[in-house]
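See structure below.
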Amino acid sequence: MNNVSSIHDCFGCGVCAAACSKKCIRIAWNKQGFYEPVVHLDDCIDCGICLKVCSFNNETLHETYSPKSYEAWSNDENIRHTASSGGVGFELARICMKGGAQTVVVKYVPNKKCAEHYVAVDEKSLMTSMGSKYIQSYTVDALRQIDFKHKVFFSGTPCQVASLRRWIRMRKAEDRFILVDFFCHGVPSALAWKNYLAIHESETGKLHRVSWRDKDTAWHDSWAMLLQGEKGTVHVRRSEGDLFYSIFLGGWCMNPACRKQCKFKYDKSSADIRIGDLWGNKYKSDTEGVSALVAFTKKGQELISTLQRCTVIPSTFDVVAQGQMKENAKGAWLSPLVMWQLSRQKKLSLKEWKMYNRMEFYAHIPLLLLRKILQMIKR
């Protein structure tokens, strides 16, 4: 069959489902808690469009434009504080919205316990998109609302943007789109995320707000989880041993495609603009947040030049991308065991997670000793 029915453990970007004229593809959770396509073969006409737009199935589309890099932040103190870094992503979307562009961004939906792309209709609804969401987002409904004859702003992961670029190029609508991605670590399993929420639900009750990068303790210590519910609030920083960041940064439940087949690390992008946190030495004392900002296309550069509500400082890519990943995330050694338990719908307790973390630590000791011995022999 000339369709994506044979593709599994992919990026789960959802563009194949949105691009299918027969709507015979849906995006659903697989057993490991990641989105992947499911094809209703009886309705498929073998047009192959789903395979052509798939960034998992094809090479990345790169532009020949020489990238230009910037250090930047919003001059609006409220925006800068609410954002995960410098608030430039919000300012870019706001400019495009005011210019009449259909604005497609991401929000967290507490009652569904997931992130979704949506079309922001005004500045108030755009505010809902602020802040990082370190989980996989569902794109299909929002993508199907896109008007290809209209100007469009789209922000998403590099793989979502890469597939969308392929689709809009097929539709000859590329000149009407602004595509923004970000320096991406990868996405964890929805099963792990829901397990994390279940551990805290006795304290929070039904959730009505989640923030992944709360800046109450300043930007450099903003790796924190804020869970607000009807019963109470949980606020735990990574430095205090927050479980979600142990799962996420420890590679416990990472999408296999992110670990093995990501094509978009560091300076590889199909977007017009890439954003992120500007880590590194230059702003190590900054408490408010600074955005890394890279224009990969002339169109992206032109949009950046209109950021009048921001401080924008020309820089080099090495400075802007300092601290960003150059290689794909690695998985924890015991990750297969944990994923097997989660896929069986087992809810792991906090005590069990801590036990696995200790086991992972001790499992690395022989390897560390071997490396030391080899270094001594080499010397």
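Out of the residues in the stretch 90-113 meeting the condition of being under 13 Å from the mean Cα position of the chain (by Cα) and touching a residue at least 40 places away in the same chain (Cβ under 8 Å), tell me which one is nearest to Arg213 (Cα to Cα). Walk me through it before giving the result.
In the first step, residues of the stretch 90-113 are kept if they are under 13 Å from the mean Cα position of the chain (by Cα); the result is 105-108.
Of the ones still in play, those that are also touching a residue at least 40 places away in the same chain (Cβ under 8 Å) are 105-106, 108.
Numbers: Val105: 18, Val106: 15, Tyr108: 13 Å.
The residue in question is Tyr108.
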Can we say Ile304 is touching a residue at least 60 places away in the same chain (Cβ under 8 Å) and either out of contact with any Asp or Glu (no Cβ under 6 Å at 6 or more places or on another chain) or under 20 Å from Phe182 (Cβ atoms) (or both)?
-> yes
Ala329 versus (1) in contact with a strand residue (DSSP E or B) (Cβ under 6 Å, 6 or more places away or on another chain); (2) modelled with pLDDT under 95; (3) surrounded by fewer than 18 Cβ atoms within 10 Å (Cβ to Cβ): which is the lone unmet condition?
-> (3)
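Does Leu293 fit the bill of being out of contact with any Cys (no Cβ under 6 Å at 6 or more places or on another chain), modelled with pLDDT of 95 or more and aliphatic (A, V, I, L, M)? It would help to see each step written out before you state the result.
Numbers: out of contact with any Cys (no Cβ under 6 Å at 6 or more places or on another chain): yes; modelled with pLDDT of 95 or more: yes; aliphatic (A, V, I, L, M): yes.
Yes; evaluated as a whole, the condition is true for this residue.
Quick one: which of Met130, Met97 is in the same structural domain as Ile247 (by TED's automatic domain parsing) and farther than 16 Å from Leu179 by Cβ?
Values: Met97 fails: farther than 16 Å from Leu179 by Cβ.
Being in the same structural domain as Ile247 (by TED's automatic domain parsing) and farther than 16 Å from Leu179 by Cβ holds for just one of Met130, Met97, which is Met130.
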Residues in the stretch 193-200: is at least one surrounded by fewer than 16 Cβ atoms within 10 Å (Cβ to Cβ), outside the structural domain of Ile49 (by TED's automatic domain parsing) and small (Gly, Ala, Ser)?
-> yes
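If I ask for residues that are small (Gly, Ala, Ser) and part of a loop (DSSP other than H, G, I, E, B), which ones from the stretch 19-76 would you list? I'd like the intermediate steps shown before the answer.
Going residue by residue through the stretch 19-76, those that are small (Gly, Ala, Ser) are 19, 21, 28, 33, 48, 55, 66, 69, 72, 74.
Within the stretch 19-76, Ser21, Gly33, Gly48, Ser55, Ser66 meet the criteria.
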Just for the stretch 234-275: of the residues that are assigned to a strand (DSSP E or B) and basic (Lys, Arg), which one is nearest to Ile168 (Cα to Cα)?
-> Arg274
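The values are calculated or read from the model by the stated rules, or taken from the named source; none is laboratory data. A quick note: this is a predicted structure, and the numbers were derived from the prediction, not measured. Reconstructed Cβ throughout: ideal geometry from the backbone, glycine too, with neighbour counts over all protein chains shown.
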